[in-house]
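Working notes, beginning with the structure itself.
The values are calculated or read from the model by the stated rules, or taken from the named source; none is laboratory data. For clarity, every value in this text was computed on a predicted model and none was experimentally measured. All Cβ positions, even for glycine, are placed from backbone atoms using ideal geometry, and neighbour counts span all protein chains on display.
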Amino acid sequence: MRKKIVAGNWKMNLTVQEGLQLSAEIADFVKNNPLEKLNGNPAVIMFTPFTHVYSVSDSVKGLKGLSTGAQNCHTEEKGAFTGETSVSMIKSAGALNVLVGHSERRAYFGETNEVLARKVKAAMDAGLTPMYCCGEVLEERNASNHFEVVKEQLEKGLFWLSAEEFAKVVIAYEPVWAIGTGVTASPGQAQEMHAYIRGLIKDKYNNEVAENTSILYGGSCNAKNAAELFANKDVDGGLIGGASLKAEDFCTIIQSF
Ligand code: PEP
């Protein structure tokens with residue numbers, strides 16, 4: 001059965017000390033509200049800046065269902081890539097997950113679907129769970145190209161995986177026009193795209209793989225609108241930016257299934 005997931009993307013926010021404070025508040029919540037007893041038994045992930053991964057991972061070690069991730073990784077294992085971070089470094093710092101292809105990486109750092117496919121491979125080889133982000137910009141939606149854009153992102157970034165490999169991937173659908181804008185996709189728009197993505201997975205692999213894939217929604221999801229988004233049958237949780245920086249809001253979202 002597919003997993004419900006709430007993941008926080010801290011982006012380039014918070015000092016290490018502030019991050020530890022936030023993760024301590026989230027950990028306290030999880031201690032007092034074991035995730036397996038909450039509606040949907042959600043898994044919770046904190047995607048922190050690289051500098052925070054080790055200390056935040058260490059601080060939540062042993063808490064069931066709560067894990068950490070990095071927001072990016074390099075395609076190569078090691079070498080002369082000044083400023084970059086490899087998957088084995090991320091893993092050795094205690095993270096279990098890595099974001100691949102966030103729209104900010106695509107837009108500001110020129111990450112193409114082809115490069116992202118190599119990042120997915122690197123993550124899988126290291127035993128990290130890649131959370132692969134896809135989503136269209138506003139012009140593409142206005143031109144009714146959003147399905148084609150997402151299809152291409154999935155085909156090039158992920159659909160070269162075997163069914164067995166694909167089963168380890170999590171997908172986040174994040175319409176770029178909704179990220180950090182306060183404009184959220186309507187529950188209907190989210191469900192429509194999630195069902196479309198699940199259909200693509202079914203066509204490429206099979207029904208079982210499609211039904212077992214977690215597809216998260218991201219884009220101005222917050223404590224107020226999470227419940228109506230998560231109520232959709234193909235929305236398995238959320239990737240949360242701004243609202244993941246406040247423990248109270250993030251914990252409300254965790255309880256929104
Ligand atoms: C994100 O960065 O993945 C995101 C969804 O951001 P926000 O929730 O702030 O729109």
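List of remarks:
- In the set A227, A210, only one residue is free of Cβ contacts under 8 Å to residues at least 40 places away in the same chain, closer than 21 Å to E155 by Cβ and of a type in the set (G, A, S); that residue is A210.
- Qualifying position, being on the phi < 0 side of the Ramachandran plot, modelled with pLDDT of 95 or more and in contact with a Cys (Cβ under 7 Å, 6 or more places away or on another chain), among L200, L229, L216: L229
- All positions within region 235-248 that are more than 13 Å from the ligand (Cβ to nearest atom), of a type in the set (D, E, K, R) and part of a loop (DSSP other than H, G, I, E, B): D236
- Annotation: of all residues in region 11-57 being closer than 16 Å to L96 by Cα and within 14 Å of the ligand (Cβ to nearest atom), the one that is surrounded by the most Cβ atoms within 10 Å (Cβ to Cβ) is T48.
- Extreme residue, farthest from C133 (Cα to Cα), among residues of region 48-72 that are in contact with a Phe, Trp or Tyr (Cβ under 9 Å, 6 or more places away or on another chain) and part of a loop (DSSP other than H, G, I, E, B): P49
- Residue within region 117-131 that is at pLDDT 95 or above and over 28 Å from S86 (Cβ atoms) present: no
- Scanning region 73-104 for residues that are in a helix (DSSP H, G or I) and within 16 Å of the ligand (Cβ to nearest atom) yields S103, E104.
Here is a yes/no grid of residues against (1) in contact with an Asp or Glu (Cβ under 9 Å, 6 or more places away or on another chain); (2) of a type in the set (S, T, Y); (3) in contact (Cβ under 8 Å) with a residue 24 or more places away in the chain; (4) at positive phi:
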position: N97; (1), (2), (3), (4): no, no, yes, no
position: G110; (1), (2), (3), (4): no, no, no, yes
position: A117; (1), (2), (3), (4): no, no, yes, no
position: T129; (1), (2), (3), (4): no, yes, yes, no
position: C133; (1), (2), (3), (4): yes, no, yes, no
position: V137; (1), (2), (3), (4): no, no, yes, no
position: N145; (1), (2), (3), (4): yes, no, no, no
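- Residue check for E104: modelled with pLDDT of 95 or more, buried (at least 17 other Cβ atoms within 10 Å of the Cβ) and charged (D, E, K, R): yes
- Listed by first and then second residue, the pairs linking a residue in region 164-187 that is within 13 Å of the ligand (Cβ to nearest atom) to a residue that is of a type in the set (K, R) and part of a helix (DSSP H, G or I), with Cβ atoms under 8 Å apart and 6 or more places separating them unless they lie on different chains, are P175/R141; W177/R141.
- Test set (1) over 15 Å from A185 (Cα atoms); (2) within 15 Å of the ligand (Cβ to nearest atom); (3) without any contact (Cβ under 8 Å) to a residue 40 or more places away in the chain - C221 fails condition number: (1)
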